[in-house]
Amino acid sequence: MDDKKFLEQLECTGIVPVIKLENTADAVNLAKALYDGGIHCAEVTFRAKGADQVISQMVEAYPDMLVGAGTVLTIDQCDQAIAAGAKFCVAPGLNPSIVKHCLDRGVPFVPGVANGSQIEQAMELGLDFVKFFPAEQAGGLAYIKAIAAPYSQIKFMPTGGINENNLNTYLAFQKIVCCGGSWIVPDHLVKAGKWEEITALCRAAVNKMLGFSIAHIGINCENENEAESTCADFAKMFGWEQKNGSSSIFAGSFIECMKAPYKGAKGHIAVAANSVRRAVYQLSHLGVEADLSTAKYDASGRMTVVYLKDEFSGFAVHLVEKK
């Protein structure tokens, strides 16, 4: 897998569960629980025996799942992981010989760093993506923002102390590709084989990460006069300020009156998300496709707006990125 595709899938998934699986027979069940919950990647740590078997079974059952090896501390472990089908390797620290060995075999390696010297070592090895570990204990987001300034090309995967309460705070910083954590695969649920509960935790984490909310409702009016009249009615009823734009008029923040019919037989519903790109990825796995010909991007190339292909009861739906 090339580095660009690797980072794209990590970014779209957003959450990398760190898995320590004692019973290798549970590998496929756990992979299904993650996948069904919207988590399409996993870091299987070599802290547990049989990690290579777990990786092999997960990869075989879910070929499109991004399954990697964690806590890769030796060249032998690196070779075991790659032989099992690991699509990437991760370590808590940076050992240049292991990183180089893995890269020479064509597999991405994500070393752990906690300071500028280690970041520079990673850069010397040709890396631009690192694990920041242990994230909370090493200074958290404030430290990442500070250290990222002089190393503008470096992107991060914070791991350690990440949970559902601080996940979005980390992901809001654009130098952070994804976050690692174990809170969505708690040991007691794994050992009890409560796969549906793990799926529910994953789905809840994904939904919280995406942060869907209604941004506004668009009403298709026949012409500008109707748009002005409709908008004025809403403004009069609810005391909302009117804002006239080139193609529509807003009453407050939530009602948009189109000056001419646009997408959707009746109009459109705008749904805000923390990341439009992640939302498009997650929705595609639910069978909901985006019309990428309608996508809009900011100056950095980040997708900020896109319509879905289908209408819902006469309404088109578009995603818009929260500011």
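How many residues, within the range 182-240, are polar (S, T, N, Q), modelled with pLDDT of 95 or more and either under 19 Å from Ile162 (Cα atoms) or crowded, with 19+ Cβ neighbours inside 10 Å (or both)?
3
Which ones in the range 301-323 are within 18 Å of the chain's Cα centre (by Cα) and among the polar types (S, T, N, Q)?
Thr304
Across the range 275-307, what is the number of residues that are of a type in the set (S, T, N, Q) and surrounded by 19 or more Cβ atoms within 10 Å (Cβ to Cβ)?
So the answer is 2.
How many residues are in contact (Cβ under 8 Å) with a residue 24 or more places away in the chain, assigned to a strand (DSSP E or B) and among the hydrophobic types (A, V, I, L, M, F, W, C) if we restrict to the range 110-132?
Count: 4.
For the range 39-67, which residues satisfy the criterion of being charged (D, E, K, R) and crowded, with 23+ Cβ neighbours inside 10 Å?
Hit for the range 39-67 is Glu43, nothing else.
Starting from residues that are in contact (Cβ under 8 Å) with a residue 12 or more places away in the chain and more than 12 Å from Met65 (Cα to Cα), keep the ones in the range 2-11 and report whichever is surrounded by the fewest Cβ atoms within 10 Å (Cβ to Cβ).
Looking at the filtered set, the residue picked out is Asp3.
Applying the selection to the range 246-267, what residues are polar (S, T, N, Q) and in a loop (DSSP other than H, G, I, E, B)?
Ser246, Ser247, Ser253
Report yes if Val317 is aliphatic (A, V, I, L, M), surrounded by fewer than 18 Cβ atoms within 10 Å (Cβ to Cβ) and not in a loop (DSSP other than H, G, I, E, B), otherwise no.
No, not satisfied.
If only one of Lys243, Lys236 is among the basic types (Lys, Arg) and either within 28 Å of Leu7 (Cα to Cα) or outside any strand (DSSP E or B) (or both), which one is it?
Checking each option against the conditions leaves just Lys236.
If Cys202 meets every condition in (1) within 15 Å of Gly112 (Cβ to Cβ); (2) in contact with a Gly (Cβ under 9 Å, 6 or more places away or on another chain); (3) of a type outside the set (D, E, K, R) apart from one, which number is that one?
It fails just one condition, (1).
Does Ala299 satisfy being out of contact with any helix residue (DSSP H, G or I) (no Cβ under 9 Å at 6 or more places or on another chain) and in contact (Cβ under 8 Å) with a residue 40 or more places away in the chain?
Criteria not met by Ala299.
Assess whether Ala25 counts as being among the aliphatic types (A, V, I, L, M), over 13 Å from the mean Cα position of the chain (by Cα) and surrounded by fewer than 20 Cβ atoms within 10 Å (Cβ to Cβ).
Yes: the conditions hold for Ala25.
If only one of Lys32, Lys100 is part of a helix (DSSP H, G or I), closer than 23 Å to Phe156 by Cβ and among the basic types (Lys, Arg), which one is it?
Only one candidate qualifies: Lys100.
The values are calculated or read from the model by the stated rules, or taken from the named source; none is laboratory data. Since this is a predicted model, take the numbers as computed values, not measurements. Counting neighbours? That spans all protein chains shown, and the Cβs are built from the backbone with ideal geometry, glycine included.
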